[in-house]
Amino acid sequence: MAKTLELAQNIKRRYDHNQNKIVLKEKYHAKMIFSYNDGMWEAGPQLLNILNLAQEQTMVLLDNFDTPIMVDVHELRELAYKIRQEQMNQWQDEWNQIRIKR
């Protein structure tokens with residue numbers, strides 16, 4: 001009986017751990033969405049890659065709602081990078097706190 005109880009507690013901890021990972025991912029992905037130049041953008045790898053490869057100073061990009069927006073490449077890249085780093089750092093801090101409790 002004690003072995004079954006111990007196994008059940010271990011499964012519950014594992015489930016809670018995985019559930020916390022999912023919740024954190026959703027929480028911080030939502031915080032990476034921002035407004036710039038009348039468009040909505042997600043500070044993710046796809047946007048940063050496009051901006052890093054851009055040859056022009058200004059270009060038209062599709063925002064999250066597929067609206068074409070003229071953007072200043074350097075300005076949008078700096079803003080997206082700043083937002084992404086802030087959120088990723090907070091995500092890691094919160095994840096480490098949860099991991100320690102586990």
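None of the figures in this text is laboratory data; all of them are computed from the coordinates on show. Because the structure is a prediction, the values reported are computed rather than measured. Using ideal geometry, Cβ is built from the backbone for each residue, glycine included, and neighbour counts are taken over all protein chains shown.
A few remarks follow.
- Neighbour counts of C-beta atoms inside 10 Å place 51, 62, 24 in the sequence 62, 24, 51, starting with the fewest.
- Restricting attention to the stretch 2-101, lysine pairs at least eight places apart or on different chains and with alpha-carbon atoms under 27 angstrom apart total 15.
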